[in-house]
Amino acid sequence: MAKPAYKRILLKLSGEALMGDDAYGINRATINNIVAQVKEVVDLGVQVAIVIGGGNIFRGVAPAAAGMDRATADYMGMLATVMNAMALQDAMKNIGLNARVQSALNIEQVAEPYIRGKAIRYLEEGRVVIFGAGTGNPFFTTDTAAALRGMEMNAEIVLKATKVDGIYTDDPKKNKDAKRYETVTFDEAINKNLKVMDATALTLCRDQNLPICVFSIFKKDGLMRVIMGENEGTRVIL
């Protein structure tokens with residue numbers, strides 16, 4: 001059997017990815033499908049760190065936060081990501097996957113504080129590490145947290161899991177002639193505003209030469225195909 005293309009990855013999951021077809025919250029079948037895919041790649045010996053968003057519960061820039069102090073709203077969003085991280089950990093435990101949650105905010109009754117050395121040791125031991133609470137600072141997105149944690153964990157690539165199987169020249173749902181990019185450069189993604197990640201995250205990854213792959217977590221074997229180095233999704237590179 002072919003070997004995985006990557007030894008250690010940072011998987012970025014949006015909170016919305018956990019909703020499935022629901023309007024909000026966590027869809028049990030969807031989260032079970034995601035953790036089953038993660039277990040498949042962990043069983044190959046790939047070390048997996050995850051940054052999870054919170055948009056399925058609360059988003060600091062959403063209409064629900066209108067009129068609210070932005071920093072307060074962002075802290076509420078961080079707490080939502082911890083809830084999602086705990087749900088992921090529980091779903092992983094149910095299928096025999098050992099996972100640890102580390103939070104950038106101190107909530108020691110429910111999650112460990114983020115400690116880089118301990119997180120790396122967990123990865124080396126074959127455990128999945130789920131990072132909650134973003135960077136721990138308001139005004140920064142979980143995309144930026146993914147870039148930051150990816151660099152801190154010495155990940156070889158950041159995998160941005162979405163509902164679309166890559167970056168397209170146009171919205172593929174509206175334009176059937178839209179073409180998927182196999183690769184784009186960081187500068188292209190920033191200058192063309194391709195909505196891969198926010199500009200801060202893209203700049204961080206560009207400056208550290210940390211590639212990104214945008215793929216669909218809902219496409220059958222999508223994650224496995226990326227891990228095996230197949231032509232899946234769109235890679236953002238220097």
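Give me the aspartates and glutamates in straight-line cross-link reach of K39: C-alpha distance below 20 Å, same-chain residues under 8 apart excluded.
Cross-link targets: D90, E124, E125, E156, D221, E230, E232.
Under a straight-distance cross-link criterion of Cα-Cα below 17 Å, which aspartates and glutamates are reachable from K192, leaving out those fewer than 8 residues away in the same chain?
Within reach: D170, D171, E182.
Using 1/(1 + (r/R0)^6) with R0 = 30 angstrom and r between the beta carbons of N98 and K163, what's the FRET efficiency to the nearest 0.05?
Once the sixth-power term is evaluated, E becomes 0.60.
Over 19 Å, how big is the tail of the calculated P(r) for the range 120-238, in percent of all Cα pairs?
Of all Cα-Cα pairs in the range 120-238, 49 percent lie more than 19 Å apart.
For the pair D177/L238, report the inter-label distance in nm, with labels modelled 7 Å from Cα in the Cβ direction.
The modelled label-to-label distance comes out at 3.7 nm.
Sorted from largest to smallest, which semi-axis lengths in Å does the alpha carbon gyration tensor of the range 42-104 give for its equivalent ellipsoid, taking the root of 5 times each eigenvalue?
The equivalent ellipsoid of the range 42-104 has semi-axes of 30, 10, 9 Å.
Once every DSSP H run of n ≥ 4 in the chain is given -39500 (n - 2.57) and the sum is divided by its residues, what mean residue ellipticity at 222 nm do you get, rounded to the nearest 500 deg cm²/dmol?
Per the formula, -10500 deg cm²/dmol.
Report the FRET efficiency, 1/(1 + (r/R0)^6), for K219 and T185, where r is their Cβ-Cβ distance and R0 is 35 Å, rounded to 0.05.
Here the calculated transfer efficiency is 0.90.
Taking 41 Å as R0, compute the FRET efficiency from the Cβ-Cβ separation of M151 and A23 and round it to 0.05.
Using R0 = 41 Å, I get an efficiency of 0.75.
Using a 1.4 angstrom probe, figure out how much accessible area the range 158-238 has per residue, in square angstrom, rounded to the nearest whole.
Result: 53 Å² per residue.
Given the chain, what percent of its DSSP beta bridges are antiparallel, to the nearest 5?
10 percent
The values are calculated or read from the model by the stated rules, or taken from the named source; none is laboratory data. All of these numbers come straight from a predicted model, not from anything done at the bench. Reconstructed Cβ throughout: ideal geometry from the backbone, glycine too, with neighbour counts over all protein chains shown. These area figures cover heavy atoms from the full protein model, side chains too; ligands, DNA and RNA do not enter into them. Shrake-Rupley method; radii C 1.70, N 1.55, O 1.52, S 1.80 Å.
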